[in-house]
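One structure is given here, and the rest of the page talks about it.
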Amino acid sequence: MTDMELIPWAKPDLWGNEGKYIAEALESTWISGGPFVEKFEKDFSEYSHVRFSLATSNGTTAIHLAYLGLGLGPGDEIIVPGFAFMAAANMALNIGAQPVFADVDPDTWCVTAESIEKCITKHTKAIVPIHTYGNVCDMDSILSLGKKYGIPVIEDTAEAFTSRYKGKLAGTMGLVGTYSFQATKVITTGEGGMVTTDDEALRDRMVMHRSHGMLRKTFYWHELPGQNFRLTNLQAAMGVAQMEKLDTIISERKRVCSKYIELLSGLDFLHLQVFPTEVDALPWAVAMRLDPAAFPQGRDTVLQQMREKNIETRPGFYAASLMKHIYPDASNIPVSEEVSKQVISLPTFPTLKDDQIEYISSTLIGLKK
Ligand SMILES: Cc1ncc(COP(=O)(O)O)c(C=O)c1O
């Protein structure tokens, strides 16, 4: 397979009505807000069994909106994982709050109630477990902790839409769930996001913050100095089409994941991300730690060697403590640092073929010394 084209790390797949619905939105001239936004929110709520879904311009603004809805700001501390995509930490800084980094579990790469509890102070105003790569954090213990200290839990579900924990959908267990529909995600609208909650008062505050503090009943009256975090009708049209094909997306992503597990599990030099038995994960990216003794060339060289074989891979996220220029206070997260240096994630998307997965897996195994 050496003449083959590059196998991308991710690829947005279009399954049916995306073009049709976008054309409908265009023809209707409803290209900012419009009926597709309302339908996308309704479909999302129905699927997730939540009372309220608010579409946002992306997964970052979804987190920002949750923070604003909860009234977080300067002087507050928000606990986030030391190893994860840093949107939740960055949004904390953007509202003048302090991100406090909890270490992750060496196998699941998710934060635990134990690591979170060590970070709680009298200034802690939110806990943000991130369901990294499609795994789901141990929500029962994290929610009990939140309850014990009276701290709300915001689930960053950008990478785990449709993953389940004890049968419950990721994003629906905390006070708020946030999601991303960026091009690599489980469903995509190009850029886009969603916030879900069952709390009506919180929903109302987030509605205002999403759109300049304006309530529809009074044009140009600002209740508060809000933002513009709205999703367009064109993007929502795509979201509606993607939701229609969710079953196919899930089953094809699961096929891809199972094939990787069949080929790569049980090898003592590769440590696949561990999904606890109570988690039914829909991996956003199949990822593993490379045993440093078996790959003495180092993870970053392995990424390059894979690229030379026409396979695009990605490194793990940088642990917060490795980015002191942004997070000067990040420390005491040794597992995050170790995981960060060893993780590689492999191409993961629903139309990835079995023979491509075989090629990717055998290439990776062949790089072991
Ligand atoms: C865990 C996590 N949170 C938030 C985001 C931000 O989402 P977006 O790119 O839609 O702003 C991402 C994006 O990749 C993510 O992986």
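What follows draws every value from the coordinates through simple rules; no lab data is involved. Since the model is a prediction, treat every value here as computed from it, not as a measurement. With ideal geometry, Cβ positions are generated from the backbone for all residues, glycine too; neighbour counts draw on all protein chains shown.
Taking 1 over the mean of 1/r across every pair of different Cα atoms in region 73-232, what Kirkwood radius in Å do you get? One decimal place: 16.4 Å for the Kirkwood radius. Counting every C-alpha pair in the chain, the share spaced more than 33 angstrom apart comes to 30%. The amide H of VAL176, built 1.01 Å from its N in the peptide plane, has VAL153, GLU155 as neighbours under 5 Å, considering only residues 5 or more places off or on other chains. Can you give the % of DSSP beta bridges in the chain that are antiparallel, to the nearest 5? Percentage antiparallel, nearest 5: 65. Sorting the segments 14-24, 48-58 by their mean number of nearby beta carbons within 10 angstrom, highest to lowest, gives 48-58, 14-24.
Counting only residues at least eight positions apart within a chain, or on another chain, the aspartates and glutamates with an alpha carbon under 19 Å from that of LYS369 are ASP268, ASP291, ASP300, GLU308. For the chain, CYS119, CYS257 have no disulfide-compatible partner, since no other Cys C-beta lies under 4.7 Å from theirs.
If I take every Cα pair under 8 Å that is 6 or more residues apart in region 246-366, average their sequence separation and divide by the length, what percent do I get for the relative contact order?
Once normalised by length, the contact order is 33 percent.
Direction-averaged projected area, Cα convex hull, region 6-93: 9.2 nm², rounded to one decimal. Taking 30 Å as the limit for the C-alpha separation, the pairs LYS254/LYS341; LYS166/LYS217; LYS20/LYS353; LYS20/LYS185; LYS166/LYS368 exceed it in the case of LYS166/LYS217; LYS166/LYS368. Its residues counted as N, region 143-199 yields a C-alpha radius of gyration over 2.2 N^0.38 Å of 1.21.
When the inverse distances between all different Cα atoms of region 14-152 are averaged and flipped, the Kirkwood radius reads 17.0 angstrom.
Ranked by the mean number of other Cβ atoms within 10 Å per residue, highest first, peptides 76-85, 113-122 order as 76-85, 113-122. So for region 246-366, what percent of the C-alpha to C-alpha distances run longer than 23 Å? Distances greater than 23 Å cover 35 percent of the Cα pairs.
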